[in-house]
Amino acid sequence: MKQILQFILKAIPRPVLIKLSYLARPFLALFLRGSNYTDPIDGRKFRKFLPYGYEQARENVLSPSTLSLERHRLLWLFLKDHSDFFTRPARVLHFAPEQAFHKRFKQLQHIQYTTTDLDSPLADVKADICHLPFETNSFDVILCNHVLEHIEEDTVAMKELFRVLAPDGWGVFQVPQDLDRIETFEDPSITDKKERARIFGQYDHVRIYGQDYFDKLRRAGFIVEEVDLTASMTAEEVDRFRLAKGEIIPLVKKSSDR
């Protein structure tokens with residue numbers, strides 16, 4: 001199973017993969033139903049989750065029903081239990097919308113929901129994150145998760161995100177992060193896909209973020225809070241939801257005077 005999934009992830013373009021996954025989900029959810037693990041996004045329970053990873057597959061991390069990964073389930077728990085996302089009217093911008101969230105967010109009547117990406121079939125607006133077609137201060141909430149590691153000019157992208165976020169607005173900008181690494185590592189000379197996968201963890205990543213990621217966001221203008229939800233959860237909860245212990249939610253805010 002692991003080898004088959006890795007082959008599919010590498011061989012099929014992501015937009016096609018997204019469309020095919022809609023067909024596979026009902027069968028996977030039925031086959032793996034059980035009681036060991038819970039996807040908090042839809043509440044369904046399974047005897048196991050699927051493996052996932054481009055180079056080295058992580059075992060038991062991909063939900064059969066929502067196709068969520070650890071980061072998606074962590075974000076859902078943050079939005080549900082530690083924010084007013086599901087109750088307060090807001091203009092929301094969602095980059096590279098994950099299908100675990102897309103339909104659910106579109107159904108929320110209290111938000112104005114806009115999705116954007118260069119390639120995703122789920123995007124309302126096709127746009128380059130470094131040159132956004134939105135007016136300054138356009139959005140109250142921005143979700144931009146596992147996007148910046150793909151962007152060569154990530155500092156430009158961060159400044160654009162800051163520009164379109166409204167004063168008193170907030171966002172979550174998750175990235176793959178090595179918290180044992182003090183400084184972010186990037187090398188523009190590495191262009192071979194196999195080398196990028198070996199060094200950065202995925203063929204289309206251009207860096208590995210370290211502890212300084214939060215300071216990079218601060219230099220772009222954001223107020224940043226490093227939120228570790230798993231620190232307040234029991235080991236049983238972390239395992240039941242299949243989360244990554246110690247993964248940080250980068251909660252960004254724009255002050256009212258900017």
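Considering only R33, R207, R47, the Gaussian network model of the chain with Cα springs below 10 Å gives its largest mean-square fluctuation to R47.
From helices alone, the chain scores -9500 deg cm²/dmol at 222 nm; the rule is -39500 (n - 2.57) for each run of n ≥ 4 DSSP H residues, then divide by the residue total.
In terms of other Cβ atoms within 10 Å, F101, F31 run from fewest to most in the order F31, F101.
Seen through its C-alpha gyration tensor, with square-root eigenvalues sorted a ≥ b ≥ c, segment 151-236 comes out oblate because a/c lies at 1.5 or above while a/b is not bigger than b/c. Listing F49, F214 from fewest to most neighbouring C-beta atoms within 10 Å gives F214, F49. Considering only L32, L69, L165, the mean-square fluctuation computed in a Gaussian network model of the chain, springs between alpha carbons under 10 angstrom, is largest for L32. Placing +1 on each Lys and Arg Cβ and -1 on each Asp and Glu Cβ, with no other charges, gives the chain a dipole about its Cα centre of roughly 1160 debye. Each other residue within a Cβ distance under 10 Å of K126 adds +1 if Lys or Arg and -1 if Asp or Glu, for a net charge of -4.
With 24 Å as the limit on Cα-Cα distance, the pairs of K159/K245; K80/K216; K80/K103; K103/K254; K80/K254; K103/K159 that go past it are K159/K245; K80/K216; K103/K254; K103/K159. Just one of [x] -0.24, -0.91; [y] -0.24, -1.05; [z] -0.33, -1.02 is log10 I(q)/I(0) by the Debye sum over Cα atoms at q = 0.07, 0.14 Å⁻¹ as worked out from the coordinates here. Which one is it? Recomputing log10 I(q)/I(0) by the Debye sum over Cα atoms at q = 0.07, 0.14 Å⁻¹ here gives the entry labelled [y]. Between the alpha-carbon centers of segment 206-258 and segment 73-136, tell me the distance in whole angstrom. Computed from Cα coordinates, the inter-centre distance equals 18 Å.
No value in this document is a laboratory result; all are computed from the given coordinates. Everything quoted here is computed from the prediction, not taken from an experiment. Note: ideal-geometry Cβ built from the backbone for every residue, glycine included; neighbour counts use all protein chains shown.
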